[in-house]
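The values are calculated or read from the model by the stated rules, or taken from the named source; none is laboratory data. Since the structure is predicted, the reported quantities are computational estimates derived from the model, not experimental observations. Virtual Cβ from ideal backbone geometry, glycine too; neighbours counted across all protein chains shown.
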Amino acid sequence: MTKTEQTRLNAKMIEDHAKNQLMRFAHLPGFPTTKEAMRDYVEALKILPQEQAITSLIDDLVNDLRTREGLCRCPTAADIRRAAYERMESAETAKRACALCSGSGFLTIWKLVTYKGKSLVVENSEVLEGVDTEEKAKPFYEKLKAFQRVNPQGNNQTIMTAGKLCECRKS
Ligand SMILES: [Zn+2]
């Protein structure tokens, strides 16, 4: 099979699948009765790239009808198109999610905080560069503990975490 044939076959499979899924609305008023109207529905569903995505969209629309009170009507082709575009968009957003914060927008940073003498008044706070996990912070905790053991008279110092807005949210 050539690549073109393969593509054509895939398109045909997705189309058949879309038609089958649409039949789940067949008992409802408003279900497309003409070939042209049906084509409109199928095209709307074909916005989604995979059979699985089509099934999942129709699942949601069917569930939506179940929870709705009163007379149920078949969703319009425009409803389906809108829902399909929304799905594509949120899939796109998830894909673009920042590698640093996984899309949460927040990062945890570790800081070495130095207090004035033995007080709890902050004198200095310094970000531990390159530390972005508890694992990487560990040697710093140990270093500080060892330092405090031999310098019991020194300033209060501690390592703490803080939240930071990720670069991806600053633009
Ligand atoms: Zn980010």
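Does Leu71 satisfy the criteria of being assigned by TED's automatic domain parsing to the domain that holds Lys12, over 33 Å from the mean Cα position of the chain (by Cα) and either closer than 30 Å to Arg24 by Cβ or not acidic (Asp, Glu) (or both)?
Details: assigned by TED's automatic domain parsing to the domain that holds Lys12: yes; over 33 Å from the mean Cα position of the chain (by Cα): yes; either closer than 30 Å to Arg24 by Cβ or not acidic (Asp, Glu) (or both): yes.
So Leu71 passes the test.
Of everything in the range 137-149, what is surrounded by 12 or more Cβ atoms within 10 Å (Cβ to Cβ) and either free of Cβ contacts under 8 Å to residues at least 24 places away in the same chain or within 16 Å of the ligand (Cβ to nearest atom) (or both)? Give them in sequence order. Steps first, please.
Start the filter on the range 137-149 by keeping residues that are surrounded by 12 or more Cβ atoms within 10 Å (Cβ to Cβ), which leaves 137-138, 140-141, 143-144, 148.
Within the range 137-149, Lys138, Tyr141, Lys143, Gln148 meet the criteria.
Restricted to the range 28-71, and to residues that are of a type in the set (Lys, Arg) and at pLDDT below 90, which residue is surrounded by the fewest Cβ atoms within 10 Å (Cβ to Cβ)? Give the derivation first.
Step one: filter the range 28-71 for residues of a type in the set (Lys, Arg), giving 35, 39, 46, 66, 68.
Right, trim to at pLDDT below 90 and you get 66, 68.
Working: Arg66: 8, Arg68: 10.
This residue is Arg66.
If you go through the range 80-87 one residue at a time, do you hit one that is in the same structural domain as Lys46 (by TED's automatic domain parsing), part of a helix (DSSP H, G or I), among the hydroxyl-bearing types (Ser, Thr, Tyr) and within 25 Å of Pro49 (Cα to Cα)? Talk me through it step by step, then tell me what you get.
Quick first cut of the range 80-87, residues in the same structural domain as Lys46 (by TED's automatic domain parsing) only: 80-87.
From the residues that got through so far, the ones that are part of a helix (DSSP H, G or I) too are 80-87.
Now narrow it down to the ones that are among the hydroxyl-bearing types (Ser, Thr, Tyr): 85.
Next cut, within 25 Å of Pro49 (Cα to Cα) only: 85.
Yes, the range 80-87 contains a residue that is in the same structural domain as Lys46 (by TED's automatic domain parsing), part of a helix (DSSP H, G or I), among the hydroxyl-bearing types (Ser, Thr, Tyr) and within 25 Å of Pro49 (Cα to Cα).
On the given criteria, is Leu112 at pLDDT below 90 and not in a helix (DSSP H, G or I)? Reasoning before the result, please.
Working: at pLDDT below 90: no; not in a helix (DSSP H, G or I): yes.
No.
Each row is one residue, and each column tells you yes or no for (1) basic (Lys, Arg); (2) in contact with a Ser or Thr (Cβ under 8 Å, 6 or more places away or on another chain); (3) within 16 Å of the ligand (Cβ to nearest atom).
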{"residue": "Ala83", "(1), (2), (3)": "no, no, no"}
{"residue": "Met88", "(1), (2), (3)": "no, no, no"}
{"residue": "Lys95", "(1), (2), (3)": "yes, no, yes"}
{"residue": "Thr114", "(1), (2), (3)": "no, yes, no"}
{"residue": "Gly117", "(1), (2), (3)": "no, no, no"}
{"residue": "Glu123", "(1), (2), (3)": "no, yes, no"}
